[in-house]
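Next up is a structure, given as C-alpha cells.
Just so it is clear, none of the values below were taken in a lab; they were calculated from the coordinates. Keep in mind it's a predicted model, so treat the numbers as computed, not measured. Positions of Cβ are backbone-derived with ideal geometry, glycine not excepted, and every protein chain shown enters the neighbour counts.
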Amino acid sequence: MPLQDLLQEISAGLERGAVIPYLGPEMLSLCAGARVPATPLALAEHMTTKVSVPHKIRQRLTQAAQFIENFKHRKSVVHLMNDAFAATPAPSPLQRALAASGVGLWVDTWYDDSFAAALALSPGEWLQVQALSQSEHFGDWTAAYASDGKLLSGLPATAQRLLYKPLGSHGPAGNYLVSDSDFVEVLTEIDIQTPIPAAVQAWRSGRNFLFLGCRFDDQLTRCFARQIMKRSSHRHWAVLPEEPTRMEARFLQEQNITRIAMPLAQFSDALITAMQAEVAA
C-alpha cells in the first residue's frame, strides 16, 4: 500500500478510536530536551552509577534492579526510579496530536510522564491505570488514578480515555515493574490475562495497534505486546526503521504487524499532517 494511503487509513482509525497507539521508550527521542533515561541501558547505567552492583550485570536493567532490591531494599529501587524520572519531558507534537485525537486507549510502556502531560493539555477527562509490583502491593495488579492524580477505588470496565502503563510510571505514585522478581510475578499470570485490566481488555477488542518507539528484540517486550494485543484485530502496524532481528521478524509475521520502515521523526511529521487533514475533512 502506498505510504499516503497507509497514513490516511491510520489517521482515520485514530480519529474514530479504532487504532490504539502502543508507545515505547524511543518516543522520548521526539521530546525536545528530554532529561530522563530513554532506553533500558541508560536507565541501568543511571541506577548503577548511584549504587554499586556486580560489573557483569551493570548494563542489565532487570538484574541490576533485582540486586539492589535484594541487597539494599525495595525502597532503594523506587527511590532510584523516582530520581531517574523526576523531570517531566515536554510532550512532543506527536504525543499532543495522539492525546487530542479520538483515541480511547493509549498504551505507554515506559516510565516517564510525558504522555500524561500531553493528555493534561488536551480537552476532556482521562484516567490512568498502572501496573503494581507484587513486592509492594501483593494481590493487587494495578492501581487507577484520575487525571489529577487522585487514587480511585476502582476502574470502570467501560472507562473512556484511558492511559495504560503496563510497567508502571513515575507519576503520580511511583509504581514500577523493573526488577526480575517484578516481571516473574506478572509473567506467571499474564497468559491468563490476570494483570491486564478489564477495561483494557474491553477496549482492545477488534481494534488495531500502532506501535511507535518500540522494539521487539527481547522476549520481555514481545511477551507484553503479545498479551496486551490478545483478542484485538488481526491487522497492526509498527514503525521500525532498523532492520528487524530474526526474532522480531518472526514476531511481526506471527502477529500480522506491518513494518513501516522509516525514521520515527519522519513518520511523526507525516502522521500529524494526515491527522490534521482527517480532522479538516
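Under 11 Å from a label point 7 Å along Cα→Cβ of residue 220: give me every residue in segment 64-98 with its amide N that close.
64-66
Now a separate question. Suppose only helical runs count, i.e. DSSP H with n ≥ 4. What mean residue ellipticity at 222 nm does that imply for the chain under -39500 (n - 2.57) per run, divided by all residues and rounded to the nearest 500 deg cm²/dmol?
Helix contribution divided over all residues of the chain: -11500 deg cm²/dmol.
Can you check what the net charge comes to around residue 44, using other residues whose Cβ is under 9 Å from the Cβ of residue 44 (Lys, Arg +1; Asp, Glu -1)?
+1
Could you tell me the number of lysine pairs in the chain with C-alpha atoms less than 29 Å from each other, where the two lysines are 8 or more residues apart or belong to different chains?
For the chain, the number of qualifying lysine pairs is 10.
About the Cα centre of the chain, what is the dipole size in debye to 20, counting +1 per Lys and Arg Cβ and -1 per Asp and Glu Cβ, all else neutral?
240
While we're on this one: State, to one decimal in nm, how far the label point of residue 138 lies from the label point of residue 39, with both points 7 Å from Cα in the Cβ direction.
So the label points at residue 138 and residue 39 sit 3.8 nm apart.
Please compute the modelled spin-label separation between residue 201 and residue 70, points set 7 Å along Cα→Cβ, answer in nm with one decimal.
3.4
Let's see if you can work this out: charge +1 on each Lys and Arg Cβ, -1 on each Asp and Glu Cβ, no other charges. What is the dipole magnitude of segment 191-281 about its Cα centre, in debye to the nearest 20?
The calculation lands at about 400 debye.
Find out how many positive minus negative residues lie around residue 63, taking Lys and Arg as positive, Asp and Glu as negative, among other residues whose Cβ is under 10 Å from that of residue 63.
+2
Next question, about the same structure. How high is the relative contact order of the chain, in percent, with contacts defined as C-alpha pairs under 8 Å that are six or more residues apart?
Reported relative contact order: 21 percent.
Along the charge dipole of segment 206-277, pointing to its positive end and built from +1/-1 on Cβ of Lys, Arg, Asp and Glu, which listed residue (261, 208, 219) has its Cα farthest out?
208
Given Cα pairs under 8 Å that are at least 6 residues apart, what percent is the relative contact order of segment 40-84?
Over segment 40-84, the number comes to 37 percent.
Mind checking the dipole of segment 40-84: about its Cα centre, +1 per Lys or Arg Cβ, -1 per Asp or Glu Cβ, Debye to the nearest 20?
Its charge dipole is roughly 120 debye.
Given the Cα-Cα distance of residue 3 and residue 243 and 0.36 nm per residue of separation, how much length would full extension add, in nm?
Here the segment from residue 3 to residue 243 would lengthen by 84.6 nm.
If you take every residue apart from residue 242 with its C-beta less than 11 Å away from the C-beta of residue 242, what net charge results, scoring Lys and Arg +1 and Asp and Glu -1?
-2
A further question on this structure: Counting only DSSP beta bridges with both residues in the chain, tell me the antiparallel percent, nearest 5.
About 30 percent, rounded to the nearest 5.
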